[in-house]
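The block underneath contains the structure these notes are about, expressed in structure tokens.
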Amino acid sequence: MKNWPRIGFLTLLVGLSGLNLLYVWKCPLDLCGDEAHYWEWARHIDICYYSKGPVVAYLIWLATHIGGDSPFAIRTVAVLLSAGASQLHTPSAAGSSRARRRGSSARCCSWRRR
């Protein structure tokens, strides 16, 4: 029974990610400036770029080689990364809420001098 909140969260995460992918697939808009910029990086793979690291370009390169040069393939990377990031942040958020219930984080995070 302890896993029910986690199963509910994963069900919600998968459902919302699926809706997000459906929205990205049906989106009539072209790529925005940042998306096109990262896609250009992915078309010319390098070790480093002037403003960011190469991981975004590598992931978009992989997505476009699997799904073709379509806006859906390029935007899918962002959907999958956001789902993964929310999955990674869940344990820290749960720990933080438990600590608040005990009152320890409220004492530790107080910026006011006494």
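The values are calculated or read from the model by the stated rules, or taken from the named source; none is laboratory data. Quantities reported herein were computed from a predicted structural model and do not represent experimental measurements. A quick note on method: Cβ atoms are made from the backbone with ideal geometry, for glycine too, and the neighbour counts reach across all protein chains shown.
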message: Condition check: assigned to a loop (DSSP other than H, G, I, E, B) and either charged (D, E, K, R) or loosely packed, with under 12 Cβ neighbours inside 10 Å (or both). Does Asp34 satisfy that?
response: no
- prompt: Which condition number does Glu40 fail, the rest of (1) among the charged types (D, E, K, R); (2) modelled with pLDDT under 85; (3) over 19 Å from Gln87 (Cα atoms) being met?
  reply: (2)
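Does region 37-53 hold any residues that are part of a loop (DSSP other than H, G, I, E, B), over 17 Å from the mean Cα position of the chain (by Cα) and surrounded by fewer than 14 Cβ atoms within 10 Å (Cβ to Cβ), and which are they?
First pass over region 37-53, keeping only residues part of a loop (DSSP other than H, G, I, E, B): 44-53.
This time we only want the ones that are over 17 Å from the mean Cα position of the chain (by Cα), so: 44-51.
Residues satisfying the conditions are His44, Ile45, Asp46, Ile47, Cys48, Tyr50, Ser51.
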statement: Pairing a residue in region 12-23 that is of a type in the set (A, V, I, L, M) with any residue that is modelled with pLDDT of 85 or more, where Cβ atoms lie under 8 Å and the two sit 6 or more apart in sequence or on different chains, gives Leu21/Thr76; Leu21/Val79
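Restrict the check to region 54-66 and report whether at least one residue is in contact with a Lys or Arg (Cβ under 7 Å, 6 or more places away or on another chain) and assigned to a helix (DSSP H, G or I). So that I can check it myself, show each step before the final result.
Taking region 54-66 as the starting set, the residues that turn out to be in contact with a Lys or Arg (Cβ under 7 Å, 6 or more places away or on another chain) are none.
No, region 54-66 contains no residue that is in contact with a Lys or Arg (Cβ under 7 Å, 6 or more places away or on another chain) and assigned to a helix (DSSP H, G or I).
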